[in-house]
Amino acid sequence: MASDVIKKSKNRIPQAVIMLGLVSLFTDAASEMIYPLVPVYIAALGSGAILLGVIEGVAETTASMVKLISGIISDKIGKRKLLVLIGYSISSLIQSIRGKSYGFERAMDNAGAVAGPVLAIITLLILFIGFGMKDSLLALRWTFILAIIPGILAVLTIILFVKESVPKNGIGKPFTFSLKSFDKNFRNYLLIMVLFTLGNSSDAFLLFRVEEAIHKSGAVVNLVNSIAPLHRMVSNFGNEAAQSNVINILFLPLVWAFYNIIKVIFSTPLGSLSDKIGRKIVINIGWGIYAFVYISFALLVFLSPNLQIIATFFLFAVYALFYAFTEGTEKAFVADLVGDEKRGTAFGLFNFSIGLGALPASIIFGFLYSYFDKVIPGYGGTVAFGFGGTIALISMILLAVKIKEPSRGT
């Protein structure tokens, strides 16, 4: 009986991880209030895929650089609360619940990603209906400003509730930015992550593709106009072009919320799956899903406009499984591959590797999308998404062949 209690206690997610999960929830709610609206905002300004690629690439690379510096400093000073290096905190857990804990952290993060677009829709409706705002660009700007509120909640959670124990063996270690102290296995893993990321452009392009599809098909506009209350609401926004813009603004967060609900449902159980069958298998399942979705998006142009809308929802649901399989597992694999004293730096290098590929990935994707759309009108997305799917397939093969997975103890 006592052994059962001890076993349950060992398998329970620690309070520190739960609080850091709340930080992830609030932080993601803030960012995801903005994220699904960026493509329609850029489209409203008359800009295209290249600008979107530059913006997203710079943003993701900058975030990864910050995480790199945070990781190195955490190993030097032994402090993680201020830096909020979630991956390092979870990495100290025993192997039997490490994947589960990473999965939980990602689930909380994804819960924030559901709350964010829902909050965006509510905010926009209040601005449009409650305040009678007619300028859609102004409404978008106010939504971006109000997204700071959940961000403030994240900061307060860190200050008031996140407590830590400082690892004694981590204090005073040399401040370093070198791969020499890591073995070839870990270095190869980072290189493969860079390669995969080169084909893993910003998810904003998926939303950009959806915005393009609904704009061309008019299917969503027709649906809204067939529902009397919704038709009365959008009819207050001027001509058909203005009404279509408002519908796009409200529709994209809805798609994004649906996508993140799937992520929330599956993140923890699929994160736990890697504790049982191995990290490499789970990561490659996720990358395989990614390749399928991107290649499917590449072929989307061959469907009728109305079928493109239906296929988009299906593909977003499947795409959510890619993140559920990989986000927590990729980080858990980092903790498996390196020693305790180097995990802060290892996580920093891991995030830096992703950032290293993120900038050129989004720029390349945006260039392929725009260039080939001019050369072969309507097929820019086919080339760009096809490129991303191909890179994912190559990365799967390299991960299976080049990386040795350590045995996991309990």
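The values are calculated or read from the model by the stated rules, or taken from the named source; none is laboratory data. Remember, it's a predicted structure, so these values are computed and weren't measured experimentally. Cβ atoms come from the backbone with ideal geometry, glycine included; neighbour counts cover every protein chain shown.
For the subset of the stretch 195-211 comprising residues that are under 15 Å from the mean Cα position of the chain (by Cα) and among the aromatic types (Phe, Trp, Tyr), which member is surrounded by the fewest Cβ atoms within 10 Å (Cβ to Cβ)? Once the filter is applied, the top-ranked residue is PHE205. Scanning the stretch 124-163 for residues that are without any contact (Cβ under 8 Å) to a residue 24 or more places away in the chain and β-branched (Val, Ile, Thr), we see that the one that is surrounded by the most Cβ atoms within 10 Å (Cβ to Cβ) is ILE126.
Of the residues in the stretch 337-351, none is touching a residue at least 24 places away in the same chain (Cβ under 8 Å), outside any helix (DSSP H, G or I), more than 28 Å from LYS180 (Cβ to Cβ) and not polar (S, T, N, Q).
Checking the conditions here, which among PHE313, PHE367 is among the aromatic types (Phe, Trp, Tyr) and either modelled with pLDDT under 85 or within 22 Å of PHE104 (Cβ to Cβ) (or both)? Being among the aromatic types (Phe, Trp, Tyr) and either modelled with pLDDT under 85 or within 22 Å of PHE104 (Cβ to Cβ) (or both) holds for just one of PHE313, PHE367, which is PHE313. If you go through the stretch 110-143 and keep only what is of a type outside the set (A, V, I, L, M) and closer than 12 Å to GLU32 by Cβ, you end up with ASN110, GLY112, GLY116, PRO117, THR143.
Residues in the stretch 212-239 that are surrounded by 14 or more Cβ atoms within 10 Å (Cβ to Cβ) and either of a type in the set (Val, Ile, Thr) or within 18 Å of PHE367 (Cα to Cα) (or both): GLU212, ILE214, VAL220, VAL221, VAL224, VAL234.
Every residue, every condition in (1) among the small types (Gly, Ala, Ser); (2) surrounded by fewer than 17 Cβ atoms within 10 Å (Cβ to Cβ); (3) under 22 Å from TYR35 (Cβ atoms), yes or no:
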site: TYR259; (1), (2), (3): no, no, yes
site: PRO269; (1), (2), (3): no, yes, no
site: PHE292; (1), (2), (3): no, no, no
site: ALA298; (1), (2), (3): yes, no, no
site: PHE314; (1), (2), (3): no, yes, yes
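A count restricted to the stretch 366-410 and to residues that are in contact with a Gly (Cβ under 9 Å, 6 or more places away or on another chain) and assigned to a helix (DSSP H, G or I) stands at 20. Residues considered: PHE347, PHE333, PHE325, PHE314. Of these, the only one that is under 19 Å from GLY386 (Cα atoms) and either in contact with a His (Cβ under 7 Å, 6 or more places away or on another chain) or of a type in the set (Phe, Trp, Tyr) (or both) is PHE314.
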